[in-house]
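The block underneath contains the structure these notes are about, expressed in structure tokens.
Every number here is computed from the coordinates shown, using simple stated rules; none is lab data. The model shown is predicted, which means the values in this text are computed figures rather than measured ones. Glycine also receives a Cβ, built like all others from the backbone with ideal geometry; neighbour counts cover every protein chain displayed.
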Amino acid sequence: MSTTNFNNKYMNKCIYCSSISTVFFIKVNSWNIRKCLNCSVLYTEGEGKKDKKINLDTYDYSYIKGYKHRKNELQKRFLSLLNHIEKNKNGGRLLDIGCGLGLFMETAMKKSSYNWDVHGLEINKRLLDNAFNDIKKRIKSGNIENIPFGSNYFDCVTCFDVLEHSKSLKHNLDEISRVLKKDGILVIQSPNYKSLMAMISKEKWSWWSPPDHIFHFSSSFMINLLKAKWYEVLEAFTYEPPKEFLLDVKRRFARNLVQKIVIRLIQPLLLTIERIAWFFNRGGLLFIVVKKI
């Protein structure tokens with residue numbers, strides 16, 4: 001084996017399990033995404049070089065304005081997810097990691113029939129500065145790699161669209177486990193690369209998002225990972241907002257007026273197919289609730 005081939009082989013080793021059995025999976029924009037044949041995770045090649053800068057700098061004021069404009073829509077979504085959480089934990093001390101503007105925290109504090117003592121952690125200063133006023137004081141500046149709370153402190157930790165942003169997956173899960181009480185619950189949401197959305201949209205799937213997303217998970221990978229970390233799976237399913245599903249279909253296929261009309265006409269069929277895909281864990285987002293044992 002030449003020195004060049006040897007170096008390339010080890011440069012492409014899996015960033016989760018360190019296996020050198022990896023293959024090219026898909027190219028998104030200028031980024032190669034590889035698949036590990038050992039653990040099945042996908043990762044963005046060249047990850048980690050700018051991950052902290054991206055997490056610190058991403059999200060401009062137009063994003064913040066748009067997010068606040070969609071507050072009612074997003075709060076309904078969060079309330080639905082909170083209902084799943086409350087099947088397994090009826091209030092307590094809650095940490096939302098990567099809490100953004102604090103909308104999920106506000107939802108848990110104001111819309112729940114249970115008593116949640118909410119806390120947030122956010123790495124992005126712009127989001128922190130623009131957090132909802134009545135929740136801002138409950139948010140700490142920091143990141144998942146060094147959670148600024150004591151051990152065995154929280155009854156519930158939520159990670160909505162967080163774990164895929166950092167290459168330190170093993171360490172981050174250990175850090176979450178440290179601050180979570182025994183019998184506490186961990187809630188994870190992340191894009192699902194085995195989704196129907198990803199299959200249809202291919203490189204145009206909006207949730208690839210490299211290099212912002214370093215890891216790309218499947219439901220089965222995440223469940224096996226959490227079981228290995230001494231968690232009991234309480235609930236797991238996949239879904240996506242139907243509007244997001246239709247947008248991805250249009251982005252892929254609606255290239256002219258005729259195609260746009262056809263997609264509009266078959267929209268009920270597309271939404272039926274979407275629901276069937278959820279049943280087979282092919283939704284665009286994986287949602288998992290686990291208990292620390």
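ASP155: net charge of surrounding residues, Cβ under 15 Å, Lys/Arg +1, Asp/Glu -1, itself excluded?
Spelling it out: positives minus negatives among the neighbours equals +4.
With charges set only on the Cβ (+1 for Lys and Arg, -1 for Asp and Glu), what does the dipole of the chain come to about its Cα centre, in debye to the nearest 20? The partial results should precede the final answer.
Details: 47 positive and 28 negative charges, 105 e Å.
Approximately 500 debye in magnitude.
Whole Å is fine, so just give me how far the alpha carbon centre of the range 99-137 lies from that of the range 196-268.
So the two Cα centres are separated by 26 Å.
In a solvent-free Debye calculation with one equal scatterer on each Cα, what is log10 I(q)/I(0) for the chain at q = 0.07, 0.14, 0.16 Å⁻¹, listed in the order of the q values?
Scattering profile of the chain, log10 relative to I(0): -0.28, -1.12, -1.43.
Looking at the calculated P(r) for the range 143-293, what percent of the C-alpha pair distances fall above 23 Å?
Details: 4783 of 11325 pairs.
Of all Cα-Cα pairs in the range 143-293, 42 percent lie more than 23 Å apart.
Read phi for every residue in the range 128-140 and hand back ³J(HN,Hα) as whole Hz from Karplus 6.51 cos²θ - 1.76 cosθ + 1.60, θ = phi - 60°, with x for Gly and Pro.
4, 5, 9, 4, 4, 4, 7, 10, 4, 5, 9, 9, 9
Straight-line reach only, C-alpha to C-alpha below 22 angstrom: list the lysines that LYS291 could link to, leaving out same-chain residues fewer than 8 apart.
Reachable lysines: LYS87, LYS89, LYS170, LYS181, LYS182, LYS227, LYS229.
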